[in-house]
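Structure, as structure tokens:
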Amino acid sequence: MNNGKNGRQILRPYVLVAIGVVFLVVCILLRRVLTPVLVALVLAYIADPLLGWLERHRVRRWVATTLLYTVCLALAFLGVVTLGPRIASQAQRLYRDVSGFAKDYGTTVLDVGGATDGPKQSEEIARPATVGTNQFVVSEEGPSPAFLALVEKHMPEWGTRAQDYLRENADEIASRIVAVTLAVARNAAKGLSNAANFMFGLILVLVFSFFFMLHFRAMTGTIRRYIPLACRDQALRIISKIDAAVSNFFRGRLMVCLVAAVVYVIGLRISGIDFWLLIGLAGGILGFVPILGVILPLIPACAFALLSPHPWASLVGVLITFSLVQWVVEPLAGMAILSKQVKMHPVTILLALLVGGALFGFFGILLSVPLAAVTKILGEEFLLPPLREMAADRKAAGSEDEANRDML
């Protein structure tokens, strides 16, 4: 009987690990469906300390949740109303500038290519076509009378040729028209589908996040009650370490993103570069990734600084702004939010985010840091102690062998 009981106790951890692996695989396979749920869980997880603080000050959970939810929605709406038109204006201007640059670059390449053919060809291209003394050119006042006469003379012939061409290639022309029409319809349907999916996902995030905020403490309490009593203390200790690492990362990075966005926008605006709002907001969003959040927005900011009316002054302002974020905002956020229990190196976080995003997209980005923290803590709890014991045993055995050799 004891052997059977001991066997079940030995197999129980492996069964739990297998269940966890299967659950994770199912979540990855259903990531498109579960992404709104996961985003809502992350939002509720970030907001839970503030809701708990309000509860401790005798504010009921549903009142605190409704108040926080209303304030967040109001701030989001205010941000869209105030910053939305300016962001759209700068985005349209950036698109026009990039399109104009591409067009000018293409024209320059064509001009250079035509110039290599020699001056004779250039003169022939520049010389207008002539018949007798009439020049068939189109001026600002309109086409010349000779050009109109030529068109009127050859119009019946051109019409006959066009009819013959349409008659001979009717099937090909019809198939191309149908293909273009279907492509346009598919692209329009795809765009509408993506917009509808985004709006539906956003609605699901708003609904799920409200209920998760409202019942988050009850959910965590239910999970704790189902932890086996024999390993409850160890499990709760490990869970508390994981919670400290993950929560401090998310809340710390969120605070860094908000403060960095404000510093970027103000600093780049003072620096006098174009598209300061777009670059500043992009830098704040990318601040979620510790290293890339500074490097990626720095490149376009320096480029636009060099194109400004006062390039060197703007470049100095850009460098001061980014240095302020890197050497002031990051350390202050670390001292204010991140505890000493967070021991994840920025390179580890960056690698986890890149691997998760490459494998599973946005779903992987959300899961990468928690999984990295869980893997690190579980390794410290279960893998490193046996390795230390093995190293200590080998060291003790080596010392004993050395002592025996000295005795001999």
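Any read-out appearing in this document is the output of simple, stated calculations on the displayed coordinates, not a laboratory observation. What you are looking at is a predicted structure, and each value in this text was computed from that prediction instead of being measured. Note: ideal-geometry Cβ built from the backbone for every residue, glycine included; neighbour counts use all protein chains shown.
Among 74-83, 87-96, what's the highest-first ranking by average C-beta atoms within 10 angstrom per residue?
87-96, 74-83
What do you get for chymotrypsin sites (Phe, Trp or Tyr not before Pro) in the range 204-275 restricted to DSSP loop and a cutoff of at most 12 other Cβ within 10 Å of the site's Cβ?
Passing both the DSSP loop test and the Cβ count: 226.
With a cut-off of 8 Å between alpha carbons and a minimum separation of six or more residues, what is the relative contact order of the range 196-303 in percent?
Across the range 196-303, relative contact order equals 18 percent.
Only counting other Cβ atoms within 10 Å, I'd like 199, 219 sorted with the fewest neighbours first.
Ordered by Cβ neighbours within 10 Å, fewest first: 199, 219.
Please report the relative contact order for the range 235-392, taking Cα pairs under 8 Å with a sequence separation of at least 6, and give it as a percent rounded to a whole number.
Dividing the mean separation by the residue count of the range 235-392 yields 26 percent.
To the nearest 0.05, what FRET efficiency results for residue 193 and residue 358 with a Förster distance of 30 Å applied to their C-beta separation?
Efficiency for this residue pair is about 0.75.
Label residue 149 and residue 320 with points 7 Å out from Cα along Cα→Cβ: what is the distance between them in nm?
7.2 nm
If I stretch the segment between residue 165 and residue 227 completely, what's the gain in nm (0.36 nm per residue apart, minus their alpha carbon distance), one decimal?
Stretched fully, the residue 165-residue 227 segment lengthens by 14.3 nm.
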